[in-house]
Every structure is written in structure tokens, then in C-alpha cells.
């Protein structure tokens, strides 16, 4: 019997209502909390870490040495966690946004602005891509994972972001997307799974991924 | 280029109903916003836009409830515009389930509002809506356009191309470009207007105003350089479904989510 309480961590940014409603839709029996209470995070079976906007503001909400930060760090160690957008970027060691921000260093690599990409963008042959990367793009599944169950390889998800994850360890890449360069659109390590796109805004495919997360034991 | 072009049905909302007019006037009723949005979602729309065309304070409450109701059952991006004046307005709509907020009049009155809003909420959710009307050609024979505010009622004397570039610098994440000359006429987008703006800016652009047949959508993307195309009446009255429009674009070699 899978117990199913989910906390959507509220760091004051992003469309948390849509994440919550999407979970309610795919899993009416799940108990969903939107909270920044350390005890609520500690007691939940699963944690969703969403976020939009500026990563500096987002990390500031988490604080340094706070109980909230500790609760989130403990969750990263021990229970299924789904990171969305900034929730993916924060798992890396460092992001160049907002003058440089240190992340949680659970996934190897860094987060950069699309204009910092070293390869194709510098080539005059390459057509300049618009920033932000906004819209429905393909996700190539580079690794088998329970969260991809029932989702076609190459399926489109909704993206909106100007910074992208540049992974160093290929074994942690679960999905890749091409936008001038190829970047990590899904990353995983043990009980962590994180996506750059917005499953809560990606219609059927997104709802399937959220359903898979609710059914996932983190292994 | 794997990123798909988007089709965005637009719901003009007045007193809780979807309406559509010609050249910003002569409104006709087109249904309940929640039902209409749910239908577009079923038809695989890539995004849905709500425009509060009266933008009164009463209507503000109405549109927040509509967004809340739609966001409970529709899991695609929602853009809301009309009468946005304060950061608090933006915050309330985002909390109701909107993903992007489109701003026109307030940006013209106070361009710094766009800077503040994009710093506060992230530029991914700040859309600047530009209502443009062609003016007489300049001395060099080049076409020129002027922007209007208050739902097309007030002229500003501001050049549309300069304005688009300025809004990009101020932190807009996307431009929604409506040709007032074409709106409701079903004669196609103003492609010169679109091309002039998309060739001089580096943020996504939505073409709006004038769609009467599916070929117009193709033209907006191919000739106009638009990343997304917005249309209202061709979808509201059942002339075409969104699904049919997407198939048509795909057949014309445009990258689309089917």
C-alpha cells in the first residue's frame, strides 16, 4: 500500500496552484499540501520542489541554516523528490544567474544562460535562438526511468526558461532537449528526479509524469 | 529546430462571457470561458489567452475566478491580459493559475513597470502587448506603425518598432503584436509589421489580428517570423478546430505539437 502525501514546497515563486491541481487530478486520493513548514516537509511521503523566476530570490526564501533548508536537504537525502524548473537548476553545484548562486550540488555540472553557451551560439552559421526558450519542445529519454512510464520518447513538454543545465555526469542525465545546444531537460540521482520543463503545464504527457511520480518509491 | 510553433486561441472576456468584435467593436457572444477553454484544451491548443476587454475593477474579480476555474481542469499555459496596473494585479493572477501576464496601457504610461514586473516575477511571465496601426509612410518610403492603448482607443504617437525594442530591453519575455488594421477583418496578419519587429528583437513574438483562414497562420510564422499565432473568431464559431489548424500547419512543414 503506497501512502501518498505530497508537499509542494512554497518558496513564493511560480504557479503552485497548477502543480497542486494537477496532482489532485491524477491522484484524487493523495493529500497535497502547499507549504514552507519544515514539519510538513518532514512528514510528507513525497516532495515537489517547483520554482519559476529568479533563482537568487528562490534560494533566499529557503534561507541559510534555517529549519526549512534543513527539511529540504533531508528530503533530498531520503524521499522521492521531483524538482521542476528552478527545482532542477538548484540541484546543480552552481548557477551563473543573479551574479552567481550556489546550489545543492546533488547533480554534477552547472547552470548557465543560453547566451553563455560555448558551442553553436558562437558560430555565425547558427541562427540566433530567441531567449527565453519558450514553448513545446521534445525531450529525448536518455535513460530508462519509472517516471517515463507511458510517455513516448521524444514527447513534447512545455518549457519556459533562459538558463539551462549543463550536466557533467552522463549517468545523471534522464532526458535531453535541443535548443541551439543540447541541454539536460531531465536529471536524476537515486531518489531525485528533476525536470526543466513544466509537467503541470504539459497537458497529458505532463500529467502522466506527475502520476508516475506519485507511484514512484524513489528507487 | 525541434521547438514547436504555438497556436493560441484567444478568449476576449466581457462580464464573464467570451465575446468577439470587429476592429475592436461590435461584440458578439461566443460562450462560457471555462467551457470554451476546456474545448480548446481537448483540441490540443498549445496555450490559451484571456483578454479582459473591459478591464473594470468588477471585471477583474470575474477574470480571476475564470482563471481559477480554468486552471483546475486545463493543464496548458494560460496568458491573461487587460487592465493590469500593479504588481499586486500580477501576483493575484499568477496565484489564480495564470502563467503569463500581458500588459499594454500600463507599460506605455510607465515603461519602468515592465522592468519592475520582470525583476519581481521573472521575465518568463511578462508579455508586452502591442496594438499597432499603420501610419503614413515616412519620407524614406518605409512603412511605419504607431501604438495605441486602452484597447485601441488612445493613440500615443509612439513608433511600434522602437517600442518593441525598448520593451525587450526593459525585460519583456514575449511580445504579443496585434495589428489594429487587420483585427477582425479576416484578411490575414500584417506581415510587414510582424517581420519588421521579429527581425529586430530576440524574444518570442506572437502574431495577432486578422486571421480568417488557416493559410494566414502559416504566413504569420513563415513570412512574419512569429513564434506563435493567436486567433479568436475562426475558432470560436466553429469554422476550424484548433486540431485542424495544427494539422494544416504540420502539412505545410511547420514544426508543431500534434
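The values are calculated or read from the model by the stated rules, or taken from the named source; none is laboratory data. As the structure is a prediction and not an experimental result, all values here were calculated from the model. Neighbour counts run over all protein chains shown; Cβ positions are idealised from the backbone, glycine included.
Structure summary
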| quantity | calculated |
| --- | --- |
| Options B:16, B:21: the member that is at pLDDT below 90 and at positive phi | B:16 |
| Total residues in region A:166-219, condition buried (at least 17 other Cβ atoms within 10 Å of the Cβ), modelled with pLDDT under 95 and more than 14 Å from chain B (Cβ to nearest Cβ) | 0 |
| Matching residues, region A:43-65, being in contact (Cβ under 8 Å) with a residue 12 or more places away in the chain, part of a loop (DSSP other than H, G, I, E, B) and more than 28 Å from residue A:30 (Cα to Cα) | A:54 |
| The one condition in (1) at negative phi; (2) within 13 Å of chain B (Cβ to nearest Cβ); (3) buried (at least 16 other Cβ atoms within 10 Å of the Cβ) that residue A:28 fails to fulfil | (3) |
| In region B:90-116, the residues that are assigned to a helix (DSSP H, G or I), away from chain A (no Cβ under 11 Å) and within 18 Å of the chain's Cα centre (by Cα) | B:90, B:105, B:106, B:107, B:108, B:114 |
| Selection from region A:128-151 of residues that are in contact with a helix residue (DSSP H, G or I) (Cβ under 8 Å, 6 or more places away or on another chain) and within 13 Å of another protein chain (Cβ to nearest Cβ) | A:128, A:129, A:131, A:132, A:133, A:134 |
| All positions within region A:31-43 that are within 14 Å of chain B (Cβ to nearest Cβ) and surrounded by fewer than 19 Cβ atoms within 10 Å (Cβ to Cβ) | A:34 |
| Some residue of region B:151-160 being under 17 Å from the mean Cα position of the chain (by Cα), at negative phi, crowded, with 22+ Cβ neighbours inside 10 Å and at pLDDT 90 or above | yes |
| Any hit, region B:165-183, residues being closer than 24 Å to residue B:252 by Cβ, within 12 Å of chain A (Cβ to nearest Cβ) and assigned to a helix (DSSP H, G or I) | no |
| Filtered residue count, region B:63-88, keeping only those that are more than 11 Å from residue B:37 (Cα to Cα) and over 17 Å from the mean Cα position of the chain (by Cα) | 8 |
| Criterion: part of a strand (DSSP E or B) and in contact with a helix residue (DSSP H, G or I) (Cβ under 6 Å, 6 or more places away or on another chain) - qualifying residue of B:211, B:229 | B:229 |
